[in-house]
Amino acid sequence: MAPPPKVVAEYAKSGRSSCKNCGKAIAAGSLRDHPLAVAEEILGFSSLKSFDLDALRKLEATASSEQTVNELGKTDWDATEELEEKGSKKRKLSSTDEAGNEEFTKRNSPVVAHKVVAEYAKSNRSSCKNCRNVIAAGSLRLGSSSKDPRGFDLVKWYHLDCFPSQSHLLIAVEEITGFSSLKNSDQDALRKLEAAASSSQIAMEVSKRDGSAIEEFEEKDSKKPKLLVDGKKNDFKMAFSASDIKDRYKDATLPPNWKAFKTLIFREQEEGLCDSEKIAAFDFDGCLANTSVKRIGPDAWSLMYPSVPEKLQGLYNSGYKLVIFTNESNIERWKNKRQRAVDSKIGRLDNFIKHVKVPIQVFIACGLGTGKDQSEDPFRKPKPGMWRLMEEHFNSGIAVAMDHSFYVGDAAGRVNDHSDADIKFAEAVGLKFHVPEEFFCT
């Protein structure tokens, strides 16, 4: 048998290459590779961002489950393959049966255990999902990688002592990704966790319960109202699905870490951005950054207040998740210059986040306000659609503690304010409201 081809993973240096499968251009800065290889053996694998490493491991697992890479040897996903092999021996449905028996398929699909990752934290920007405290740079952290029912891969990081071993440590510690590179003392500590989980004799029951809980969540999630845009129970509702997420906003291309959903653009979650019950939310223009409608471009901004970086870093270190909710109707309005409007707005936000050195979740409402023959866009402030989407679908199911959360914006309806959109947005959501000159200057 011929040896497998060498596989390379890298970030595209320009926009001139194209995908050999779909034929579309590969955007500059986006990840490009060939997926059929053991992820850790791909040239350039170690230099990729953590979320791209997870994406490659996901591709590896998909290829393994289809038995297309058997010649490459065992991978970290052998447990998945064994479960799928057992599942394939069960009664198979015909194509007509499958259409009418989704419940049978759901009940008889194999349950895949969480994938566990062990590594030393590269910075102090991650926090433990159990105790919510910061994981110090250089300290051992354990990650649980699982499939969210909405289609996302989620990695949750824990301190060693906080790791839920009884429900997650369902494999031998030697099979944990990164185990072999740990110090001997840390390897021994993981073996103790494994022994404790085994002695409890509840691992199998937890696995079954996790599987049924996912099914119950999906069933309830499909029946309940998805997105309540106003504070009332029976007004505008919107279903959210991963299949509705796009890489482009209409005819405009988005950078690799940005996605579009209907008339909304959002920034994908980066390493270090931890979901939390405490939300510190901000407007962008006139609040965090000094901008002007007369100036266009990713560098056409400055800090609104010198204290902004220090304030944001302090909130982040105190366990808050930082979120920006901003309106940008020019993206919708400039039909002939939409790409320019997208590049300008997203470029400013990316540069701002890089400058303040803290991870921030961002939502951009691109829709228009109320006009002739046109109702107001549900995501545009003061409508609370952006908040509802974050709260329901982008906070890992963590309930927001409204008494410990707040919103800061400059549009407060005062004499010289351009509108009252920010204060009305806070009122619709139920958040405490601050104006930026008070928040950043005290």
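We did not get these values from a lab; they are worked out from the coordinates using the rules stated. Not measured: the values here are computed from a predicted model. All Cβ positions, glycine included, derive from the backbone under ideal geometry; neighbour counts span all protein chains shown.
Summing charges over all other residues whose Cβ lies under 13 Å from the Cβ of residue 340, with Lys and Arg as +1 and Asp and Glu as -1, gives +4.
Taking amide H as placed 1.01 Å from N in the peptide plane, residue 258 has its amide H under 5 Å from the amide H of 268, each at least 5 places away in sequence or on another chain.
The residues 161, 343, when put in order of fewest to most other Cβ atoms within 10 Å, stand as 161, 343. When you restrict to C-alpha pairs under 8 Å that are six or more residues apart and normalise by the size of the stretch 225-439, the relative contact order lands at 24 percent. For the stretch 315-430, the gyration tensor built on C-alpha atoms gives an oblate shape. Its axis ratio a/c (a ≥ b ≥ c) is at least 1.5, and a/b is not larger than b/c. Mean sequence separation of contacting Cα pairs (under 8 Å, at least six apart), scaled by the length of the stretch 355-442, corresponds to a relative contact order of 23 percent.
The convex hull of the Cα atoms of the stretch 225-439, projected and averaged over all directions, covers 12.0 nm².
The stretch 309-337 and the stretch 422-441 have Cα centres separated by 14 Å. First select every other residue whose beta carbon is under 12 angstrom from the beta carbon of residue 138; then total the charges, Lys and Arg +1, Asp and Glu -1. Net of charged neighbours comes to +1. Extension gain for the segment residue 277 to residue 130, taken as residue separation times 0.36 nm less the Cα-Cα distance, is 51.7 nm to one decimal. Taking 1.306 mPa s as the viscosity and 10 °C as the temperature, the Stokes-Einstein diffusion coefficient of the stretch 251-346 based on its alpha-carbon Kirkwood radius rounds to 106 µm²/s. Averaged over residues, the count of other Cβ atoms within 10 Å places the peptides 322-329, 394-401 in the sequence 322-329, 394-401, highest first. For the residue pairs 259/335; 122/278; 321/357; 311/357; 381/432; 24/246, alpha carbon separations beyond 22 Å are given by 122/278.
Residues in the stretch 246-261 carry Karplus couplings, in order, of 10, 8, 10, 9, 6, 9, 9, 7, 9, x, x, 9, 10, 9, 10, 9 Hz; the curve used is 6.51 cos²θ - 1.76 cosθ + 1.60 with θ = phi - 60°, and Gly or Pro positions show x.
Near residue 401, once Lys and Arg are set to +1 and Asp and Glu to -1 for all other residues with Cβ below 12 Å from its Cβ, the sum equals +1.
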